[in-house]
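Comments concern the structure below.
Values in this text are rule-based calculations from the coordinates and carry no lab data. Because the structure is predicted, anything quoted here is derived from the model rather than measured. So basically every Cβ, Gly included, is an ideal-geometry build from the backbone, and we count neighbours across all protein chains shown.
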Amino acid sequence: MNKAIVITSISSPDNKVLQDYAQKATKYGFHFIVAGDDKSPADFKLDGCRFLSLNEQLASGFELAKQLPVRHYARKNLGYLTAMQNGADMIIETDDDNFAKASFWDKRQINVQARHYENTGWFNIYRLFSDENIWPRGFSLEHIKETPFKRDDYFRQNQDFSLEHVSVTQDTLQQCYCPVQQGLADRNPDVDALYRMISPLPVKFKEAPDVALGRNAWCPFNSQNTTWFREAFMLMYLPSYCSFRMTDIWRSFVVQRIGWENDWPVLFHKATVWQERNEHNLLADFQDELPGYIHNNEIIKRLGNLKLPKGRTYFPDNLLACYRLFIELDLMDKNELNLIHSWIRDINALF
């Protein structure tokens, strides 16, 4: 399998995380791609890493390259496209403050044994891996006190469970086809600014079986430790004209919704990285997350009500339909559609 790791960063080659990925990627047979930006060091050089300077991105021939805003996390889209151009069958994305555990380098399979859940509504995946009242960034604040079940009792006794809003559950492992897989992060996991201001860190997640969320089961996932198999590459697109703290979260809702039409649950698995978080202004993060706090419930209702055709052939149409919804809600600028059209044309030119 042709494998790639993609990060976007403005850090220097002295960054310990980048150095570790560069060394280990060579050892384990990964291409390692870092997409830079206009603040990146002009002389960036790191053995084992292909660095994409802004000039190299603009000269890449990708239609998207000249349209993406600079000083934006969505430059990562150019890393994805470069990995695809290099023939990647699997892309793992992470960030420059996430250290890989030994398990990060284990072989990944698209077919996995997991507990599969559907029709749950909001489903706080973190509560299956922790006894703390912890929730992922992008999770509905109205539902943060809900617990899918008592984790320790469940895994000790393996008993059936039920909640009023759960209509379909599976408590036994079953084979699931999961082209998108989210790994957790220990120490400083991807929680929102509200959690960071009121709750303790660090956190270490417990070992637990993998979980696959299917139709009508919603949990946000991020871009910090996510595996994408070729089948799902079209869905990797990160939007630019929205809140910085929502770009990967709103993408995750789009991916989940389109996945339903292909019987693709999203897999969540144990932590395979730990984060030593870069410096952040929590009040600024909180402000950037406000659109999600306020609108995420409405977003998933609207996405859930969309009529989307089945099959990978319709991925481009479905992407556009989902992102039009965000524009209708005044959460993205209409220029987002121009970027998506370019993304679609770039990928179609590669495959």
Summed over the other residues with a beta carbon less than 15 angstrom from that of Asp263, with K and R at +1 and D and E at -1, the charge totals +1
Relative contact order in percent for the stretch 1-81 (Cα pairs under 8 Å, 6+ apart) equals 33
Would you work out the relative contact order for the stretch 97-350, in percent, from Cα pairs under 8 angstrom that are 6 or more residues apart? 26
Report the gain in length on full extension from Ala349 to His72: 0.36 nm times residue separation, minus Cα-Cα distance, nm rounded to one decimal. 97.3 nm
Which aspartates and glutamates have a Cα less than 18 Å from the Cα of Lys101, not counting those fewer than 8 places away in the same chain? Asp20, Glu93, Asp186, Asp190, Glu207, Asp210, Glu276
Return the long-range amide H neighbours of Ile5 (sequence gap of 5 or more, or a different chain), with a cut-off of under 5 Å between placed amide H atoms. His31, Phe32, Ile33, Ile92
Here the stretch 24-37 yields Karplus 3J(HN,Hα) values (6.51, -1.76, 1.60; θ = phi - 60°; whole Hz; Gly and Pro given as x) of 6, 4, 4, 5, 9, x, 10, 6, 10, 10, 10, 8, x, 8
Taking one equal scatterer on every alpha-carbon of the chain, how large is log10 of I(q)/I(0) by Debye at q = 0.13, 0.16 1/Å? -1.02, -1.65
Sorted from largest down, give the three principal axis spans of the alpha carbons of the stretch 275-350, whole angstrom values. 41, 31, 26
From Cα coordinates alone, what are the radius of gyration and Dmax values for the stretch 1-96 in angstrom? 12.3, 35
Report the residues of the stretch 289-309 in range of a label on Met197: point 7 Å along Cα→C-beta, backbone N strictly under 16 Å from it. 289-294
How high is the relative contact order of the stretch 172-295, in percent, counting Cα pairs under 8 Å that sit 6 or more residues apart? 45
Where does helix 336-350 land angle-wise versus the long Cα axis of the chain, in degrees 0 to 90, nearest 10? 70
In square nanometres, what is one fourth of the surface area of the convex hull spanned by the alpha carbons of the stretch 53-148? 9.8
May I ask what percent, to the nearest 5, of DSSP beta bridges between residues of the chain are antiparallel? 50
Check: in the stretch 1-57 the Lys pairs 8 or more apart or on separate chains whose Cα atoms fall under 15 Å apart number 4
